[in-house]
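The values are calculated or read from the model by the stated rules, or taken from the named source; none is laboratory data. This one's a predicted model, so the numbers in the text were calculated from it and none came from an experiment. No Cβ is skipped: glycine too gets one built from the backbone with ideal geometry, and neighbour counts run over all protein chains shown.
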Amino acid sequence: MTRLKLIKHAPGAPGLRLVGLGPCLLPCRGLFKLKDLLDEHAFWARNRNYANLRKLLAKSSVVITLWRNKRMVGFGRATSDGIYRAVLWDIVVAEEEQGQGLGKKVVEAVLSAPEMHKVERIYLMTTNRKEFYEQLGFKACKDQSLLIKTS
Ligand SMILES: CC(C)(COP(=O)(O)OP(=O)(O)OC[C@H]1O[C@@H](n2cnc3c(N)ncnc32)[C@H](O)[C@@H]1OP(=O)(O)O)[C@@H](O)C(=O)NCCC(=O)NCCS
């Protein structure tokens, strides 16, 4: 039988980041599985190395992982100042698991974290999934511009 488990990690995801904790708080090479999920299913997040994935997790206020048995099938994270501004990042569900409500579960879990509860404005950027986020209450913003500075 396949079992689905959603994990709300502590801020900075120390268990996942340092010892690869997965479902039932057991080490299961979580960081490798995160890299595989992003490499395969998140076009903007391919080829991130392990050291940088650890940094990314350490600086994330909210980290959610979704597991089918020992396989990571979903991920989402946010950075937040806890009161005025927060941003969702890297929301992804493995392709073969899409269309079953799992993406919605991941986003709802991110939004329900204490670090997000009272935040005045939550931002996100999406290339081609605007409709997905609109279903979750986000609205396209016509009166602001997105500006980007790359390193
Ligand atoms: C975007 C993504 C996370 C959605 O996950 P998912 O598990 O397929 O979405 P869900 O099944 O939870 O869908 C939730 C709702 O959004 C709708 N939805 C999902 N994708 C949609 C799309 N592309 N267009 C319109 N509606 C969509 C679903 O119909 C569903 O509506 P319902 O609740 O009325 O049935 C997933 O498609 C994904 O990982 N894509 C690749 C990575 C990506 O682009 N991530 C977004 C980065 S900003």
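Is there a residue in the range 73-88 that is over 14 Å from the mean Cα position of the chain (by Cα), within 9 Å of the ligand (Cβ to nearest atom) and among the aromatic types (Phe, Trp, Tyr)?
Within the range 73-88, the first condition is being over 14 Å from the mean Cα position of the chain (by Cα), and the residues that meet it are 81-85.
Those left that are additionally within 9 Å of the ligand (Cβ to nearest atom): none.
There is no residue in the range 73-88 that is over 14 Å from the mean Cα position of the chain (by Cα), within 9 Å of the ligand (Cβ to nearest atom) and among the aromatic types (Phe, Trp, Tyr).
Only residues that are out of contact with any strand residue (DSSP E or B) (no Cβ under 6 Å at 6 or more places or on another chain) and small (Gly, Ala, Ser): list them for the range 74-90, please.
Gly82
List the number of the failed condition for Gln100; all other conditions in (1) of a type outside the set (Lys, Arg); (2) part of a loop (DSSP other than H, G, I, E, B); (3) in contact with a strand residue (DSSP E or B) (Cβ under 6 Å, 6 or more places away or on another chain); (4) within 11 Å of the ligand (Cβ to nearest atom) hold.
If we test Gln100 against (1) of a type outside the set (Lys, Arg); (2) part of a loop (DSSP other than H, G, I, E, B); (3) in contact with a strand residue (DSSP E or B) (Cβ under 6 Å, 6 or more places away or on another chain); (4) within 11 Å of the ligand (Cβ to nearest atom), just (3) comes out false.
Return a yes/no flag: does the range 29-51 have any residue that is at pLDDT below 95 and either in a strand (DSSP E or B) or under 21 Å from Glu134 (Cβ atoms) (or both).
For the range 29-51, residues at pLDDT below 95 and either in a strand (DSSP E or B) or under 21 Å from Glu134 (Cβ atoms) (or both): absent.
Name the pairs whose Cβ atoms lie under 9 Å apart, with the first residue in the range 125-148 and farther than 18 Å from Phe43 by Cβ and within 7 Å of the ligand (Cβ to nearest atom), the second of a type outside the set (A, V, I, L, M) and modelled with pLDDT of 95 or more, and 6 or more positions between them or separate chains?
Gln135/Lys104
Name every residue in the range 103-145 that is loosely packed, with under 10 Cβ neighbours inside 10 Å, among the charged types (D, E, K, R) and part of a loop (DSSP other than H, G, I, E, B), in order of residue number.
Glu120, Lys139, Lys142, Asp143, listed by residue number.
Looking at the range 56-66, is at least one residue touching a residue at least 60 places away in the same chain (Cβ under 8 Å), closer than 26 Å to Pro27 by Cα and surrounded by 13 or more Cβ atoms within 10 Å (Cβ to Cβ)? Give the derivation first.
Our first condition is that a residue be touching a residue at least 60 places away in the same chain (Cβ under 8 Å); within the range 56-66, this holds for 66.
With the extra rule that they be closer than 26 Å to Pro27 by Cα, the set shrinks to 66.
Those left that are additionally surrounded by 13 or more Cβ atoms within 10 Å (Cβ to Cβ): 66.
Checked against the condition, which is being touching a residue at least 60 places away in the same chain (Cβ under 8 Å), closer than 26 Å to Pro27 by Cα and surrounded by 13 or more Cβ atoms within 10 Å (Cβ to Cβ), the range 56-66 yields at least one hit.
Within the range 53-66, does at least one residue satisfy the condition of being within 24 Å of Glu96 (Cα to Cα), assigned to a loop (DSSP other than H, G, I, E, B) and modelled with pLDDT of 95 or more?
In the first step, residues of the range 53-66 are kept if they are within 24 Å of Glu96 (Cα to Cα); the result is 53, 63-66.
Now restrict to residues that are assigned to a loop (DSSP other than H, G, I, E, B): none.
No, the range 53-66 contains no residue that is within 24 Å of Glu96 (Cα to Cα), assigned to a loop (DSSP other than H, G, I, E, B) and modelled with pLDDT of 95 or more.
For residues that are among the polar types (S, T, N, Q) and in contact with a helix residue (DSSP H, G or I) (Cβ under 8 Å, 6 or more places away or on another chain), scanning just the range 52-67, find the one that is farthest from Ile83 (Cα to Cα).
Pass one, the range 52-67, residues among the polar types (S, T, N, Q): 52, 60-61, 65.
Adding the requirement that they be in contact with a helix residue (DSSP H, G or I) (Cβ under 8 Å, 6 or more places away or on another chain) leaves 61, 65.
Numbers: Ser61: 12, Thr65: 24 Å.
By that ranking, first place goes to Thr65.
Can you say whether Val106 is closer than 22 Å to Lys35 by Cβ, touching a residue at least 40 places away in the same chain (Cβ under 8 Å), in contact with a helix residue (DSSP H, G or I) (Cβ under 6 Å, 6 or more places away or on another chain) and not polar (S, T, N, Q), as far as the supplied structure shows? If you could, list the steps in order and put the result at the bottom.
Working: closer than 22 Å to Lys35 by Cβ: yes; touching a residue at least 40 places away in the same chain (Cβ under 8 Å): yes; in contact with a helix residue (DSSP H, G or I) (Cβ under 6 Å, 6 or more places away or on another chain): no; not polar (S, T, N, Q): yes.
Against the criterion (closer than 22 Å to Lys35 by Cβ, touching a residue at least 40 places away in the same chain (Cβ under 8 Å), in contact with a helix residue (DSSP H, G or I) (Cβ under 6 Å, 6 or more places away or on another chain) and not polar (S, T, N, Q)), Val106 does not qualify.
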